[in-house]
Amino acid sequence: MLLDFTGLTLINSCGIRDWVSWMKTIPATTKTIFVNCPAILVDQINMINGFIPEGGYVQSFFVPYFCDECDDVVNQLVERGKDYNKEDCKVKDEISCPKCKSTAELDVIKLKYFK
């Protein structure tokens, strides 16, 4: 089962509760793949046990970077097997801002966000 989170901008506590309840109904034999996960979803995945069902995994998610120069948040998509795997995360601490070409810095705490 492929779950694409493109366009997700908000998730509230009622939605989280219902989501976790729904995830419990997914058979363990079902391979559940999460793609295009925004930061708000990554935060929930890291905090809430059962947010991803057994046998599920995140294929791609967005990493937020902040550019001081243009005061903008840049969300960079990273992919499993290309940018990260269970043992190694190759996500850069800084990237070039696509808007102003200045340096945008990682806008998360690595140990928490890449859990």
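The values are calculated or read from the model by the stated rules, or taken from the named source; none is laboratory data. Keep in mind that this is a model prediction, so the values were computed, not measured. Quick reminder, even Gly has a Cβ in these numbers, built from the backbone with ideal geometry, and neighbours come from all protein chains shown. What goes into the accessible areas is simple: the full protein's heavy atoms, side chains included, and nothing from ligands, DNA or RNA. Shrake-Rupley method; radii C 1.70, N 1.55, O 1.52, S 1.80 Å.
A compact table of results
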read-out	value
First in segment 59-74 and closer than 10 Å to LYS99 by Cβ and open to solvent by less than 50 Å² (accessible area, probe 1.4 Å), second anywhere and at pLDDT 95 or above and part of a strand (DSSP E or B), Cβ under 6 Å, 6 or more apart	CYS67/ALA104; VAL74/TYR65; VAL74/ALA104
So VAL91, is it in a loop (DSSP other than H, G, I, E, B), under 15 Å from PHE114 (Cβ atoms) and not polar (S, T, N, Q)	yes
Residue under evaluation LEU106, criteria (1) more than 26 Å from LEU2 (Cβ to Cβ); (2) in contact (Cβ under 8 Å) with a residue 40 or more places away in the chain; (3) open to solvent by 90 Å² or more (accessible area, probe 1.4 Å), criterion not met	(3)
Residue count for segment 75-95, restricted to those that are under 15 Å from PHE61 (Cβ atoms) and either touching a residue at least 24 places away in the same chain (Cβ under 8 Å) or of a type in the set (A, V, I, L, M) (or both)	6
Count - residues of segment 27-58 that are part of a loop (DSSP other than H, G, I, E, B), aliphatic (A, V, I, L, M) and open to solvent by 60 Å² or more (accessible area, probe 1.4 Å)	1
Some residue of segment 67-84 being more than 23 Å from GLY15 (Cβ to Cβ) and of a type in the set (Ser, Thr, Tyr)	yes
